[in-house]
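Here's the structure we're looking at; comments come further down.
The values are calculated or read from the model by the stated rules, or taken from the named source; none is laboratory data. From a predicted model like this one, the values you see are computed outputs, not experimental measurements. Cβ coordinates were reconstructed from backbone atoms using ideal geometry, including for glycine residues, and neighbour counts include every protein chain displayed.
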Amino acid sequence: MKQQAYQLLADIFDYPNPALPLSVKRLIFLLEEEEPRAATELTEFQNALERAGITRFQELYIQTFDFRADCSLYVGHYLFGESGRRGLFLAGLSERYRELQLAATSDIPDHMSCLLRYLAALEPGEEAGELIHGCLIPAISRITAADAIAKSPYRVVLGALLVLLQQKDSGHIELGEFAWTSSSTSHFPILP
């Protein structure tokens, strides 16, 4: 269930296209039984999308995520800024995407949608735990703290994602802090 939910959330965090309403509908249906609160919140997003339409959501997406550094969907920005460490992170992600045969996209590898597709392709374990607790949760926490998100319909999608990522029964290892170290099992770049 979670892998499919992560894939649908990745679709929702892509630039809005005509398939967006169907992805939202599928995600709500998927979450209704196991995460009714998240499904209810996503219904708010679905209603806003129906009222505004795709064109208006494209404008909202750009205004929310592309014009504001504090709401950027490029997760490496929150972890490393624009340092060389981010470059290592991007290179490591690109390599993992190739190894897992994930479809290439026009987005930079640390875009939220790319990372969610990566997470959907992973088995529960240390690598998924590192991605969730060392990367996604800290970045989402920073994004949701931005004032612009409080007025955006995307706040409920970020909230639903956070609920899924924080579930204790997810089968993913909770590491609690940024854990990408020189461990022999880590698939992420070794950071100084």
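For Glu50, state whether it is part of a helix (DSSP H, G or I), more than 17 Å from the chain's Cα centre (by Cα), at pLDDT 95 or above and surrounded by fewer than 20 Cβ atoms within 10 Å (Cβ to Cβ).
Considered against the rule, which asks whether it is part of a helix (DSSP H, G or I), more than 17 Å from the chain's Cα centre (by Cα), at pLDDT 95 or above and surrounded by fewer than 20 Cβ atoms within 10 Å (Cβ to Cβ), Glu50 comes out as yes.
Based on this model, can you work out whether Ala91 counts as among the aliphatic types (A, V, I, L, M), surrounded by fewer than 16 Cβ atoms within 10 Å (Cβ to Cβ) and in contact (Cβ under 8 Å) with a residue 60 or more places away in the chain?
In short, yes.
How many residues does segment 68-119 hold that are in a loop (DSSP other than H, G, I, E, B) and of a type in the set (Asp, Glu)?
Residues in segment 68-119 being in a loop (DSSP other than H, G, I, E, B) and of a type in the set (Asp, Glu): 3 in total.
Can you tell me which residues in segment 98-138 are within 20 Å of Phe57 (Cβ to Cβ), modelled with pLDDT under 95 and of a type in the set (S, T, N, Q)?
Within segment 98-138, Thr105, Ser106 meet the criteria.
For segment 68-81, how many residues are in contact with a helix residue (DSSP H, G or I) (Cβ under 9 Å, 6 or more places away or on another chain) and either surrounded by fewer than 17 Cβ atoms within 10 Å (Cβ to Cβ) or among the charged types (D, E, K, R) (or both)?
3
Which condition number in (1) out of contact with any Phe, Trp or Tyr (no Cβ under 8 Å at 6 or more places or on another chain); (2) surrounded by 13 or more Cβ atoms within 10 Å (Cβ to Cβ) is the one that Ser106 fails?
Result: Ser106 passes all but (2).
Which is assigned to a helix (DSSP H, G or I), aromatic (Phe, Trp, Tyr) and over 18 Å from the mean Cα position of the chain (by Cα), of Phe45, Phe65, Phe29?
After applying the criteria, what remains is Phe29.
Hey, does segment 92-108 have a residue that's of a type in the set (A, V, I, L, M) and closer than 20 Å to Ser141 by Cα?
There is no residue in segment 92-108 that is of a type in the set (A, V, I, L, M) and closer than 20 Å to Ser141 by Cα.
Can you tell me which residue is surrounded by the fewest Cβ atoms within 10 Å (Cβ to Cβ) among those in segment 5-38 that are in contact (Cβ under 8 Å) with a residue 24 or more places away in the chain and farther than 24 Å from Cys114 by Cβ?
Arg37
Any chance you could count how many residues in segment 1-21 are at pLDDT 95 or above and either touching a strand residue (DSSP E or B) at 6+ places or on another chain (Cβ under 7 Å) or in a loop (DSSP other than H, G, I, E, B) (or both)?
6
Listed residues Leu73, Leu22; which is of a type outside the set (Lys, Arg) and closer than 22 Å to Leu122 by Cβ?
Step by step, each of Leu73, Leu22 is checked, and only Leu73 is of a type outside the set (Lys, Arg) and closer than 22 Å to Leu122 by Cβ.
Out of (1) within 21 Å of Asp110 (Cβ to Cβ); (2) in contact with a helix residue (DSSP H, G or I) (Cβ under 7 Å, 6 or more places away or on another chain); (3) at pLDDT 85 or above, what's the single condition that is false for Ser141?
If we test Ser141 against (1) within 21 Å of Asp110 (Cβ to Cβ); (2) in contact with a helix residue (DSSP H, G or I) (Cβ under 7 Å, 6 or more places away or on another chain); (3) at pLDDT 85 or above, just (2) comes out false.
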